[in-house]
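Contents: one structure, followed by commentary.
The values are calculated or read from the model by the stated rules, or taken from the named source; none is laboratory data. Worth saying up front: this structure is predicted, and the values here are computed from it rather than measured. Neighbour counts run over all protein chains shown; Cβ positions are idealised from the backbone, glycine included.
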Amino acid sequence: MDFPTFHAVRIQDIATACFAIESGRIDMVGMMRAHMTDPHIVRKIIERRENDIRSCVGANYCLNYIYQGGMALCIHNAATGRELEMLQTIRPAQAKRRIVIVGAGPAGLEAARVAGERDHEVIVLEAMNDPGGQIRLTAQNVRCKEMMGIVDWRMAQCEKLGVRFSFNTWADTETVLAQNPDVVIVATGSMPHTEVCREGNEHVVSSWDIISGDVKPGAKALIFDDAGDHAALQAAETIAQASGRVEVTTPDRTFSPEVVSMNLVPYMRLLQKLATTFTVTFRLEAVRREGSELLATIGSGLWRREERAALRSDRR
Ligand code: SF4
């Protein structure tokens with residue numbers, strides 16, 4: 001007796017699901033996260049609007065929250081898991097307004113999409129020449145390249161909704177007011193913080209500099225991580241893969257507390273293989289140049305020690 005075959009893991013888009021069934025590999029596909037990302041997926045298929053489907057980008061934000069006893073939230077759909085406060089269907093506004101949004105990172109793009117759905121006139125000003133902000137940096141990691149779906153889907157929706165974008169535009173007061181806005185939304189995100197020690201901050205570069213490739217790392221690097229999220233591990237991967245020796249130090253009791261469960265494993269698989277070391281409860285206190293090397297002092301309040309690093313901070 002032939003049993004039907006069923007597959008239910010990581011089929012994120014309709015094209016892949018159709019191919020798996022049409023090619024005879026399986027009889028049925030289970031898609032759970034696809035429905036969390038876009039609860040209107042079936043309606044969009046019936047209406048032949050497959051290009052409008054918001055596809056899961058595999059970020060595991062949802063599973064990480066669940067495994068910590070939290071809600072099943074979605075990094076790509078803010079309304080998922082919050083339906084009592086935030087509707088999955090956006091209704092047109094009663095009065096049309098002219099809305100200027102500063103910043104085309106994920107927050108600015110989502111604001112633009114929602115405002116466009118509400119039938120407002122929307123203009124987005126962005127200082128860079130591309131949209132995406134920190135998502136674009138995250139997607140530099142080959143494991144995270146699907147994250148660009150967060151940007152690409154919003155850009156495609158914004159285009160359909162007639163949202164106008166002005167790239168390479170520094171949004172000072174004059175530039176914003178020249179658009180004659182009714183509403184201004186500032187979605188400029190944050191800047192890296194490199195004023196971390198009592199002396200020698202001029203020798204410190206940010207994780208963004210490393211991930212973006214703006215700064216070429218040397219053969220030995222010390223990463224000081226007082227944020228505990230993905231940026232430090234992603235920078236560590238970048239340096240370690242470029243055959244550098246990396247030590248990650250944190251003032252916390254554990255390293256990378258914000259990178260939980262499923263997302264930590266792929267980092268550790270690579271970083272342990274490349275002999276990356278982790279030091280907890282030590283803070284970066286000072287950095288000074290000694291010849292071609294940097295000498296970093298790290299301290300815990302109880303002990304202090306020095307680490308040599310060969311981080312070349314010359315920008316490309
Ligand atoms: S959080 Fe990420 S993995 Fe989970 S449903 Fe949303 S896009 Fe998919």
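What the table shows:
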{"read-out": "Residues satisfying the stated conditions in region 29-51, i.e. among the acidic types (Asp, Glu) and either within 21 Å of Val265 (Cβ to Cβ) or away from the ligand (no atom under 16 Å from the Cβ) (or both)", "value": "Glu47, Glu50"}
{"read-out": "Conditions (1) at pLDDT 95 or above; (2) away from the ligand (no atom under 12 Å from the Cβ); number of the one not met by Cys74", "value": "(2)"}
{"read-out": "Top-ranked residue of region 58-69 - restricted to ones that are within 12 Å of the ligand (Cβ to nearest atom) and part of a loop (DSSP other than H, G, I, E, B), ranked as nearest to Val184 (Cα to Cα)", "value": "Ala59"}
{"read-out": "Meets criteria (surrounded by fewer than 20 Cβ atoms within 10 Å (Cβ to Cβ), on the phi < 0 side of the Ramachandran plot and in contact with a Lys or Arg (Cβ under 7 Å, 6 or more places away or on another chain)) for Thr297", "value": "yes"}
{"read-out": "Cross-chain or 6+ apart pairs with Cβ under 8 Å, region 71-92 first and more than 18 Å from Ile53 (Cβ to Cβ), then at pLDDT 95 or above and more than 16 Å from the ligand (Cβ to nearest atom)", "value": "Arg91/Arg118; Pro92/Glu117; Pro92/Arg118; Pro92/Asp119"}
{"read-out": "All strands (runs of 3 or more DSSP E) inside region 173-281 with 2 or more residues being surrounded by 20 or more Cβ atoms within 10 Å (Cβ to Cβ) and touching a Ser or Thr at 6+ places or on another chain (Cβ under 6 Å)", "value": "245-250"}
{"read-out": "Residue in region 28-47 that is surrounded by 15 or more Cβ atoms within 10 Å (Cβ to Cβ), among the acidic types (Asp, Glu) and under 30 Å from Phe165 (Cβ atoms) present", "value": "yes"}
{"read-out": "Residue list for region 129-148, filter: surrounded by 14 or more Cβ atoms within 10 Å (Cβ to Cβ) and more than 25 Å from Ala236 (Cβ to Cβ)", "value": "Pro131"}
{"read-out": "Every residue from region 34-57 that is under 15 Å from Gln12 (Cβ atoms), of a type in the set (Asp, Glu) and assigned to a helix (DSSP H, G or I)", "value": "Glu50"}
{"read-out": "Options Ala104, Ala115, Ala111: the member that is in a loop (DSSP other than H, G, I, E, B) and farther than 28 Å from Gln241 by Cα", "value": "Ala104"}
{"read-out": "Residue within region 12-28 that is of a type in the set (S, T, N, Q), away from the ligand (no atom under 16 Å from the Cβ) and in a helix (DSSP H, G or I) present", "value": "no"}
{"read-out": "Extreme residue, farthest from Gly81 (Cα to Cα), among residues of region 1-15 that are out of contact with any strand residue (DSSP E or B) (no Cβ under 8 Å at 6 or more places or on another chain) and surrounded by 14 or more Cβ atoms within 10 Å (Cβ to Cβ)", "value": "Ile14"}
{"read-out": "Which numbered condition Leu87 misses (of (1) within 16 Å of the ligand (Cβ to nearest atom); (2) assigned to a loop (DSSP other than H, G, I, E, B))", "value": "(1)"}
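Yes/no per residue for (1) under 20 Å from Pro106 (Cβ atoms); (2) under 23 Å from the mean Cα position of the chain (by Cα); (3) hydroxyl-bearing (Ser, Thr, Tyr):
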site: Pro4; (1), (2), (3): no, no, no
site: Gln12; (1), (2), (3): yes, yes, no
site: Gly24; (1), (2), (3): no, no, no
site: Val29; (1), (2), (3): no, no, no
site: His40; (1), (2), (3): no, no, no
site: Arg43; (1), (2), (3): no, no, no
site: Glu50; (1), (2), (3): no, no, no
site: Cys74; (1), (2), (3): yes, yes, no
site: Thr80; (1), (2), (3): yes, yes, yes
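A quick yes/no check of all residues on (1) more than 8 Å from the ligand (Cβ to nearest atom); (2) under 28 Å from Met191 (Cα atoms); (3) buried (at least 20 other Cβ atoms within 10 Å of the Cβ):
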site: Arg54; (1), (2), (3): yes, no, yes
site: Ala79; (1), (2), (3): yes, yes, no
site: Gly103; (1), (2), (3): yes, yes, yes
site: Gly108; (1), (2), (3): yes, yes, yes
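Residue-wise test of (1) within 16 Å of the ligand (Cβ to nearest atom); (2) polar (S, T, N, Q).
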{"position": "Ile135", "(1), (2)": "yes, no"}
{"position": "Arg164", "(1), (2)": "no, no"}
{"position": "Asn180", "(1), (2)": "no, yes"}
{"position": "Phe224", "(1), (2)": "no, no"}
{"position": "Gln234", "(1), (2)": "no, yes"}
